[in-house]
Every structure is written in structure tokens, then in C-alpha cells.
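**Student:** Got a structure here, written out as C-alpha cells. Questions coming.
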Amino acid sequence: MSRATSFTALLLVASLSPCLCFAQKAASPAAPPAGPPPPRPVEGQGQLDASPSLFAVLTAINAAGYDANLDSPTNSPLRAAVRKWVEARNPPALRRLKQFFTDHHQADPNADLSQYISFALATYGPPDFKPILPDNQQPPDVAALEGFTEIMTDFYRQADLESAWKQAQPLFEQAIERYHEPVTQAVLESNAFLRNPTSGTRGHRFQVFVDLLAAPNQVHTRVYGDYYFVVVTPSVDLRIRDIRHAYLDYLVDPLAIRNSKFFDKKKGLGDLAQASPILAEDYKNDFVRLASMCMVRAIEARLDGPSGSAYVEQSMKEGFILTAYFYEALPAYEKQDLAFRMYLPEMIDHLDVAKEDKRIAQIEFVSQRVTRVAKSAPKAAEPPLTGAAADLATAGQLYAAHNFSAARNAYRKVIEQSADKPLQAKAFFGLGRIAALEKHPELAVQMLERTLELDPEPFERAWAYVYLARLVLAAEEPEVEAALKYYQAALAVQGASEGATKAARQEMSTVAAAIKQAKP
């Protein structure tokens, strides 16, 4: 990045500028075992900045089939732009990349993304993506991606992602500016409350990356060595509260560990948190960690003012059983002159185990966390359809109403009146579906093959492959190998609908299982 900053001049990642064309006219931290520290930040990188490693890795998975929330208006234009960039260059490693992504696909989209974020943060980044930690100390989700480093190294070079990264810089700066002031304020507010002269423990670093290539409205945190990472994805509302929460955790947790001998006298209270059905196991198994997060939540509540009491109550119900105590103890801290790190032993000492035991016994633990509903960017009003596009919409409505005769005539009208290939592809796709429903398989195959010849959009392309797979399997002499190739082609379509991708994956798995069972 062009500007070196600290938290008084913070940076943030964003998307490619609208004028840049990528066409070829060309929630919980997971700490691995102790090991070598992560790399020092690249020259000029601030504590809130862009990550070339995240940029490269998430460009790769987008090209490989990561389509979660692809139709959300909250997505950054960067996500579509890097897909076009890769498509225009068609790097040889893309085939291996797609196969790797398919082999390591997870049903939960967040988990699917999370493993690649972990990989990006646990490496030294491009061009070689060498791991920071030894193999036997890799985070579990990174260890599961064995072989990805070699693919990323080839893909990065072949797709010329270094050039893509450089061209993206102007809009990185624009989005950085959007976060600069509120994050700076949140950090200063936290430091002021704790009377903290520096931003954390010596030798430790708090680093925020905002990634615009992932699905919107997510926050991921990692602790690797002495580094605390926060990754924020696109959102309408800035994720300032989440960043403040992470920063307080970064500041408070080392203090809790340093004072663990004082907490040992109170750790019997930790048994009372075991009854919470949603409290994470690392909190149930580590009383100091639980107490640390209770302090973080109590401080957040104090910073929130009068509205903070509701957050305290909710925290108690979620299993953070000491939040109320620390919330009530903090005013005494605020009235004296010691810094929080110096006052903490006294605060722990004043914790009355019997009193808190009675308070905690009255808690009704909840079975679900309160989640914030994220805003979506408003969709631009679409102009009214005219001509062949209007006829196509009419045909779709007739098809949905099962008026296949009228729908067929409407689709044919589109083909006759429009020279636009994608529109024609939609019409042939409609005719293919009608033929299949009316049990004319040969005609259906012809229409769907014609669809694929007309450069269809991802929705029609992927579903055409799925329908062709179904048709060859339903033939008098099923063509199993052809069906598998069609399913694989559907999974390779960038921007395919989740429905088509899910159907292809499930049906291909069923066919493969049947083949395996049939073998002697």
C-alpha cells in the first residue's frame, strides 16, 4: 500500500475501481500451538490494511467455484472483476484448483470460506505461500488443505495476480478511508478506558484486514503466534463494533493470563457455566479465558452507556457468567487513577464467590445466540422489459403456470425476433425443459445442446448440463460416463446458481456410489 500507518492513520481493503476493466483486450479465535511468529507486515502496511495473501487466495477460490451469496447486492464489484480477470487468462493451474476446491468443499459456506482465510493468514503470502508454522503445528483447518500451496504458487504466477493486486490499489485506498475515522475512534476509546499507553503487549500485533472477495457480512478472527487477525467482509454497516470487540479481547486476554493465579481462587465458578448449551468448549474448559471474555463484554457494555445493561443480561444468558460482576465492578475502577492492568488484581480479589454463585444459579441459559440482521444494499430499480426480453418474461410465466403450448410459442417468438445469443439461449433452454416434461427426450437434448452453443449465462449453462446428465441417465441404455462429465461441467460453471451446483454435486455422488456398489 502507498500509505504507512498506525491506528492514527488506518488503512482498509476494498474493491477495484469502476473504471478498471478486468477484460483481456486484452466470531471465535483459534490459537495454534506456539511456534515461529507470523511474518512482519509488508513495508508500509498499517494495522488496518489490505492483505495480498487474502487477495490471492480468495481470488483463487472465486475462480474455482466459491459462489456463496454471489447474487447479494452487498458484494463488492471486485468479486466479479477478479473472476473475469482469471477467466480472460485461463491459467493452466485453474483445472487443478477447481478439482481441489471440489474435493475440499464443505456444506457450510462459512466453514468453506473459513479454511481458506486460515490458509491465507498462516502463510507468508505470495508468490510462494510458504507456511509460517511447521507442519506439525499447523492449525487443523490449514493442515487439511495439504497440497494447496503448490497449486496457489502456480495459479498466482499464471493468472498474473501481482498485476491484478497493483491495479486494485486505488479502490483499496477509497475503502480504507471509509473505515479510517470510526476504527481510529474505537481504538482510542478502548485504550482510553483501559488507560493503556500502547496498543497492546510488547511483541504482539493487532491486524485488521477487510476483504471484499468473500460473501458479505462476516467477521473472522485468528490468533497465530503473537498476531491477532481480524478479517471483515463487505457490509452496508461498518463492522466497527466487531472490530472494537476483537481489539478489547486482544488487550484484555494477556492481562487475564498474567493474573491467572488470582483467578485460580475463583475457578470453581467455572463449573456453573457448563450448563450453557451454546457456550463454546474452550470457555468451558479454560476458566481464565472465560473470565477474560466476561471482562471484554463488561467493558463493551460500559462503553455503550445506558444501553449496555441489556448486553450484560444477554451475555449472562449465553454462559458468560461473570459479565454482570465485572460490569458492576468497573465504575469503581473508573473513579480511581490506576490503569486497568494495575487495578485488575484488586477487581478479581473483590469477586465474592458465594454471591456470584447465587446470582448465576438464577440464570436461565438460552439455546440460541442473538444474531444481528445485516442490512443489504438496495437493489437498483430495473427498467421495464421490452421487445424480446418482455416476450421471454411472458414465456417464463406461462411455463411456471404449466401452459406449455403457449410457453413454447412464446419461446419460439424470442428466437425468431432476437439476434441476442444469451436471450436465444434462454429461449432454447425453456424449450428443452418443456420437451423433457412432455417426454420428448431426443428433442430435449437437441434444445439443451443448442442452449450451450449460444454462450448462455451461468444459470442456463449449469442447469443445461444438469438436465443433459439426467436425460442420458434416463435413456434406455444409460450413459453413465457421459452423465458424470455433464455433472462435472455443471460444477465448473462460474456463477452457477446454488440450486444447480447442489443438484449436480448430489446427483453425481449418487451415480458414483451406484457405480461403486455395482462393481464385483
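Throughout, read-outs are computed from the coordinates displayed, never taken from laboratory work. These numbers come from a predicted model, not from an experiment. All Cβ positions, glycine included, derive from the backbone under ideal geometry; neighbour counts span all protein chains shown.
**Student:** How high is the FRET efficiency between Ile257 and Ala419 when r is their beta carbon distance and R₀ equals 45 Å, given to the nearest 0.05?
**Tutor:** 0.05
**Student:** Using only the alpha carbon atoms of the chain, find the Kirkwood hydrodynamic radius as the inverse mean reciprocal pair distance, in angstroms to one decimal.
**Tutor:** 26.2 Å is the Kirkwood radius here.
**Student:** Same structure, new question: Work out the charge dipole of the range 259-361 with +1 on the Cβ of Lys and Arg and -1 on the Cβ of Asp and Glu about the Cα centre, then indicate which of Tyr333, Thr323, His350 is farthest towards its positive end.
**Tutor:** So the residue furthest toward the plus end is His350.
**Student:** Find the centroid of the Cα atoms in the range 424-441 and in the range 444-465, then give the distance between the two in whole Å.
**Tutor:** 10
**Student:** What residues qualify as long-range amide H neighbours of Val208, i.e. H under 5 Å apart, gap of 5 or more or another chain, H built at 1.01 Å from N?
**Tutor:** Leu48, Asp49, Val230
**Student:** Follow-up question, since we're still on this one. Work out how much length Ser509 to Ser307 would gain on full extension: take 0.36 nm times their residue separation and subtract the Cα-Cα distance, in nm to one decimal.
**Tutor:** 67.6 nm
**Student:** Let me know the shape class of the range 259-361, please: from the alpha-carbon gyration tensor, a ≥ b ≥ c as square roots of the eigenvalues, rounded when a/c is under 1.5, otherwise prolate if a/b is greater than b/c, or oblate.
**Tutor:** oblate
**Student:** Kindly put His180, His402, His105 in sequence by how many other C-beta atoms sit within 10 Å of each C-beta, fewest to most.
**Tutor:** The fewest-first ordering by Cβ neighbours comes to His402, His105, His180.
**Student:** Using helices alone, I'd like the mean residue ellipticity at 222 nm for the chain: each DSSP H run of four-plus residues gives -39500 (n - 2.57), total over residue count, nearest 500.
**Tutor:** -17500 deg cm²/dmol
**Student:** HN-Hα J couplings of the range 494-504 from phi, Karplus 6.51/-1.76/1.60, θ = phi - 60°, integer Hz, Gly and Pro as x?
**Tutor:** My calculation for the range 494-504 gives 6, x, 5, 5, 4, x, 5, 5, 5, 4, 4 Hz in order.
**Student:** For the range 292-304, in order, what is each residue's ³J(HN,Hα) by Karplus, 6.51 cos²θ - 1.76 cosθ + 1.60 with θ = phi - 60°, in whole Hz (x at glycine and Pro)?
**Tutor:** Those phi angles translate into 4, 5, 5, 5, 4, 5, 5, 5, 4, 5, 5, 5, 7 Hz.
**Student:** Then there is this: Give me the extension gain from Lys130 to Gln517: residue separation times 0.36 nm, minus the current Cα-Cα distance, reported in nm with one decimal.
**Tutor:** So the chain would gain 135.2 nm between Lys130 and Gln517.
**Student:** To continue, here is another question. Name the residues whose placed amide hydrogens come within less than 5 Å of the amide hydrogen of Tyr224, ignoring near sequence neighbours (fewer than 5 apart) on the same chain.
**Tutor:** Hits under the 5 Å cutoff: Phe229.
**Student:** Turning to a different aspect of this structure: Over the Cα atoms of the range 233-291, compute the convex hull volume and normalise it per residue, giving Å³.
**Tutor:** So the per-residue hull volume is 102 Å³.
**Student:** Exposure proxy check: Glu507, Glu498, Glu477 ranked by fewest other beta carbons within 10 Å?
**Tutor:** Listed from fewest to most nearby Cβ atoms, that is Glu477, Glu498, Glu507.
**Student:** Charges only on Cβ, +1 for Lys and Arg, -1 for Asp and Glu: so what's the dipole of the range 48-232 about the Cα centre, in debye to the nearest 20?
**Tutor:** The dipole magnitude comes to about 220 debye.
**Student:** Note down the nm distance, to one decimal, between modelled labels 7 Å out along Cα→Cβ at Thr102 and at Glu438.
**Tutor:** 3.4
**Student:** Which of the three applies to the range 446-520, rounded, prolate or oblate, going by the alpha-carbon gyration tensor with a ≥ b ≥ c and a/c under 1.5 meaning rounded?
**Tutor:** oblate
**Student:** Beyond 20 Å between alpha-carbons counts as too far, so tell me which of Lys84/Lys502; Lys261/Lys284; Lys266/Lys335; Lys265/Lys355; Lys84/Lys426; Lys317/Lys355 fall in that bin.
**Tutor:** Result: Lys84/Lys502; Lys266/Lys335; Lys84/Lys426 exceed 20 Å.
**Student:** In debye, nearest 20, what is the charge dipole magnitude of the range 259-361 about its Cα centre with +1 on Lys and Arg Cβ and -1 on Asp and Glu Cβ, if you could check?
**Tutor:** Taking the Cα centre of the range 259-361 as origin, the dipole is about 120 debye.
**Student:** In terms of modelled amide H atoms, which long-range or inter-chain residues lie less than 5 Å from the amide H of Thr123?
**Tutor:** Here Ile132 satisfy the definition.
**Student:** Return the distance in nm (one decimal) between the two label points of a simple spin-label model at Glu177 and His402, each offset 7 Å from Cα along Cα→Cβ.
**Tutor:** Label-label distance for Glu177 and His402, simple model: 5.8 nm.
**Student:** Here's another thing I want to ask about it. Using each residue's phi in the range 257-271, evaluate 6.51 cos²θ - 1.76 cosθ + 1.60 at θ = phi - 60° and report the 3J(HN,Hα) Karplus result to the nearest Hz, with x for Gly and Pro.
**Tutor:** Working through the residues one at a time gives 5, 4, 9, 4, 5, 6, 6, 4, 6, 10, 5, x, 5, x, 4 Hz.
**Student:** Hey, another quick one. Using the Cα gyration tensor of the range 48-232, with a ≥ b ≥ c the square roots of its eigenvalues, what is the shape: rounded (a/c below 1.5), prolate (a/b larger than b/c) or oblate (neither)?
**Tutor:** prolate
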